[in-house]
Amino acid sequence: MKRTLLHLLFWMVYLLQDSMLEFLWVSPSVQHYSTSQQWWMAMHAGACLLLPKLLFTYCVIYFTIPALLQGKRLWREIGKGLLLLCVTIVAYRLVAQYYMNVYVYPDIFKPSPLFSPVLVLFAFMDIGCVSGIAITLKLLRTQLGAKEREKNLVKEKLETELRFLRNQINPHFLFNTLNNIYALARKQSPQTAPVVLKLSQLLRFMLYESGSGQVTVAAEIRVLNDYLELEKIRYNNRLQLQFSLNVDDETRLIAPLLLLPFVENAFKHGVSESRFHSFVHIQLTLQNGLLTFQIENTCENGNAAISDKIGLSNVRRQLQLMYGEHHLQISNGTDTFSVHLTINLNSYAKI
């Protein structure tokens, strides 16, 4: 319905413009008619000559252009277009000669050749002008529609990829935590129940909060704290843990579970594989939307070289998808492993 109205509006505007030009062109020859009669004659002439223009325009739009876009034979379609143009010019001249000159301007135009070069050229220019505008608008609309479809396809692909990455991280985290609970249960540790409680809180966050595009920085910090509490229970005095915060606005939004894989990695591939005293130092700073996250942990013999592991490879991809301005630096030394991440939270891209 909307498309039909737009088409009607286009042709009404064109008819008004064409009638105005017709009125200005023939008015010196029809001075013996009133102004209203002159306008009516101009509208009548414009309307009768509009029919062949409509025929040519819509045949090109709905037959020739789709055939060319589908990759059909180029020269055959061009030949059909030229043949259609010739038919339209013939129809135009027949309408002008045997209808407009006879019934619209009977006392103005004198008999003239049906296909004189000047009249054929005039018909070609008159048809080509409006048809060219209409065809250009159609091609422009087709191109914009194709770009919009392509944009939507890219958006759907990125959304699907992002959901896949997050769904990979959750089982990865759950697997690690269940390993912790299993180790405590084998020792019949009284800390098993508190660990299960912490795990339930984390799972509640993953199920009911992390599904949204962003969460507050306060919620992300709470998840990190809960995870660190789980690890402190597991490692007890063997672990030296520092978590320092300098946040100017905890209501700032951040992609959920974006920082947790770095903390998981520090324990799974650092602390858990160290035989002696271990440490994990974490510093999170947020100032004016610029978040800086640094984490350093012990490792033995470069055991923390995990650039190809699920957690960090996924978080790299998430950063690429969601934040246009970020910098991730990973340093893997002989005894320590460190991550330095900077994100401009204002550069979040809504997929």
Self-check item: Hey, Lys2 modelled with pLDDT under 85 and of a type in the set (Lys, Arg) or not
Solution: yes
Practice problem: Mind listing whichever residues of segment 232-255 are more than 18 Å from Thr342 (Cβ to Cβ), surrounded by 15 or more Cβ atoms within 10 Å (Cβ to Cβ) and at pLDDT 85 or above? | Solution: Leu241, Phe243
Self-check item: Close pairs (7 angstrom Cβ cut-off, 6 or more residues apart or separate chains): over 30 Å from Tyr323 (Cα atoms) and modelled with pLDDT under 75 in segment 271-289, of a type in the set (Val, Ile, Thr) and part of a strand (DSSP E or B) anywhere
Solution: Ser274/Thr298
Quiz prompt | Selection status of Leu202, modelled with pLDDT of 85 or more and under 29 Å from Cys299 (Cα atoms) | solution = no
Quiz item: Conditions: (1) part of a helix (DSSP H, G or I); (2) among the acidic types (Asp, Glu); (3) loosely packed, with under 14 Cβ neighbours inside 10 Å. Asp107 meets all but one. Number of the miss?
Solution: (1)
Quiz prompt | Residue in segment 146-156 that is among the acidic types (Asp, Glu), within 31 Å of the chain's Cα centre (by Cα) and surrounded by 11 or more Cβ atoms within 10 Å (Cβ to Cβ) present | solution = yes
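Return the total of residues in segment 330-346 being touching a residue at least 24 places away in the same chain (Cβ under 8 Å), out of contact with any Gly (no Cβ under 7 Å at 6 or more places or on another chain) and assigned to a strand (DSSP E or B).
Counting residues in segment 330-346 that are touching a residue at least 24 places away in the same chain (Cβ under 8 Å), out of contact with any Gly (no Cβ under 7 Å at 6 or more places or on another chain) and assigned to a strand (DSSP E or B) gives 7.
The values are calculated or read from the model by the stated rules, or taken from the named source; none is laboratory data. Because the structure is a prediction, the values reported are computed rather than measured. Because the Cβ atoms are built from the backbone with ideal geometry, glycine has one as well, and the counts that use them run over all protein chains shown.
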